[in-house]
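J.: Before I ask anything, here is the structure I am working with.
A short reminder: the numbers here are calculations on the coordinates, not readings from a lab. These numbers come from a predicted model, not from an experiment. With ideal geometry, Cβ positions are generated from the backbone for all residues, glycine too; neighbour counts draw on all protein chains shown.
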Amino acid sequence: MALIDLVLLKARLGKLAGRFDVDALESCDSTSSELMRRAESGAPAGTVVVADRQEAGRGRRGRSWLSTPGDSLTFSVLWRFPGPLARLGGLSLAVGVALARALESLGATAIGLKWPNDVLLVLPDGQAKLAGVLVELVSDRRGCQAVIGIGLNLRRPPEALPQPVAGLDQAGLTGVDRHDLLAAILRELAGVLDVFASDGFAALRSAWQAHHVWQEKPVQVLGEGDAPLPGNCLGADDDGALLLATAAGIQRIYSGDVSLRPVEAGTWGGA
């Protein structure tokens with residue numbers, strides 16, 4: 001599949017084309033690494049790097065995210081926000097809302113979100129990962145800049161992976177044009193990030209929870225080296241913290257280095 005054609009993409013973005021400066025690469029180490037280097041050299045907000053192939057794509061908790069032409073859409077977006085880093089709690093969740101809206105606008109079905117940064121396909125026998133989000137933040141005297149990395153499976157990866165994965169073709173978007181897909185995501189991102197910059201995650205919380213696959217369900221939170229913490233998942237707070245009703249009361253989970261796993265209802269002793 002050919003590289004993104006910037007002329008075709010601009011036509012699909014319409015009036016929003018002026019808010020984005022897109023560069024399409026055949027290959028790079030990581031779109032986020034490339035964009036971080038450009039940000040350090042003064043690249044403007046709205047700069048986008050999209051690559052057909054990543055050799056060292058990064059996922060959460062140091063995992064790799066490899067991409068190959070035709071099987072995935074991988075890109076990173078630079079956005080700047082006023083104020084301190086503390087105002088950006090829940091940004092990865094807000095990006096998930098934009099992704100869900102974009103996919104549904106193209107006709108995708110059974111799209112779900114998982115805290116803190118996964119887009120899932122909800123299947124009859126469980127969920128499978130469609131996309132991941134990795135947000136990297138830098139603060140300086142001018143405010144904060146976010147490099148938002150997104151990796152989306154167009155088709156299910158053929159190799160064996162440690163978690164269930166899915167492709168957009170399984171969500172009803174067989175043969176979706178990558179220009180239509182990228183334009184839809186950028187349009188939704190522009191709107192969501194404008195709301196986030198003005199009102200924070202609180203303004204997007206209900207939209208996120210409407211797609212949250214573990215909302216009001218029994219789960220256990222698995223942290224690095226910690227015993228599993230079971231409870232009932234209440235969604236996210238206004239600052240993006242995970243809310244877990246446990247036998248000891250409601251706990252707020254801030255760290256992104258946790259994994260949610262389902263448990264049978266009634267096994268954890270909570271109310």
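J.: Using only Cα atoms, locate the centre of the range 196-235 and the centre of the range 127-158, then give the distance between them in Å, rounded to an integer.
T.: The range 196-235 and the range 127-158 have Cα centres separated by 18 Å.
J.: Mind checking which lysines have their Cα closer than 16 Å to the Cα of Lys114? Skip sequence neighbours fewer than 8 apart in that chain.
T.: Lys114 reaches Lys129, Lys217.
J.: Which stretch or stretches of the range 162-182 have amide N atoms under 14 Å from the point lying 7 Å from Leu8's Cα along the Cα→Cβ direction?
T.: Once the point is set 7 Å along Cα→Cβ of Leu8, 175-182 turn out to lie under 14 Å by backbone N, inside the range 162-182.
J.: Could you tell me the calculated FRET efficiency between Leu25 and Asp194, based on Cβ-Cβ distance and R0 = 35 angstrom, to the nearest 0.05?
T.: 0.80
J.: Based on the Kirkwood radius over alpha-carbon pairs, what value in µm²/s does the Stokes-Einstein equation return for the translational diffusion coefficient of the chain at 4 °C and 1.567 mPa s?
T.: 68
J.: How high is the FRET efficiency between Arg142 and Leu16 when r is their beta carbon distance and R₀ equals 30 Å, given to the nearest 0.05?
T.: Computed FRET efficiency for Arg142 and Leu16 comes out at 0.80.
J.: How about the range 63-144: which trypsin sites (Lys or Arg not before Pro) there lie in a loop by DSSP and see at most 16 other Cβ atoms within 10 Å?
T.: Arg63, Arg141, Arg142
J.: Let me ask something else about it. For the range 122-193, taking Cα atoms only, what is the radius of gyration to one decimal and the Dmax to the nearest whole Å?
T.: Looking at the range 122-193, its Cα Rg and Dmax stand at 15.5, 49 Å.
J.: Ok, one more. Jot down the radius of gyration and Dmax of the range 218-262, Cα atoms only, both in angstrom.
T.: When restricted to the Cα atoms of the range 218-262, Rg and Dmax are 9.6, 28 Å.
J.: Which whole-number percent is the relative contact order of the range 101-162 (Cα, under 8 Å, 6+ apart)?
T.: 19
J.: Hey, can you grab everything whose amide H is under 5 Å from the amide H of Thr47? Only 5+ residues off in sequence or another chain; H modelled, so Pro and N-termini drop out.
T.: For Thr47, whose amide H was placed from the backbone, the distant partners under 5 Å are Asp21, Leu78.
J.: Continuing with the same structure: Relative to the present Cα-Cα distance, how much length would full extension add between Asp226 and Ser206 at 0.36 nm per residue of separation?
T.: Stretched fully, the Asp226-Ser206 segment lengthens by 4.2 nm.
J.: Next question. Relative contact order (percent) for the chain, with alpha-carbon contacts under 8 angstrom and 6 or more residues of separation?
T.: 16 percent.
J.: Given a 10 angstrom Cα cut-off, can you work out which residue in Asp140, Asp29, Asp52 is the most mobile in a GNM of the chain?
T.: Residue with maximal mean-square fluctuation among Asp140, Asp29, Asp52: Asp140.
J.: Name the residues of the range 208-227 whose amide N is less than 11 Å from a point 7 angstrom out from the Cα of Ala110 along the C-beta direction?
T.: Within reach of a label on Ala110: no residues.
J.: To continue, here is another question. Using amide H atoms built 1.01 Å from N in the peptide plane, name the residues 5+ places from Leu154, or on other chains, whose amide H lies under 5 Å from its own.
T.: Ser72, Leu73, Leu168
J.: Moving on to the next point. For the range 242-252, in order, what is each residue's ³J(HN,Hα) by Karplus, 6.51 cos²θ - 1.76 cosθ + 1.60 with θ = phi - 60°, in whole Hz (x at glycine and Pro)?
T.: For the range 242-252, the Karplus-derived couplings read 6, 9, 10, 7, 10, 4, 9, x, 6, 10, 9 Hz, x marking Gly and Pro.
J.: List the residues, sorted by chain then number, that are 5 or more residues from Asp29 or on another chain and whose placed amide H is less than 5 Å from its amide H.
T.: Answer set, sorted by chain and number: Glu55.
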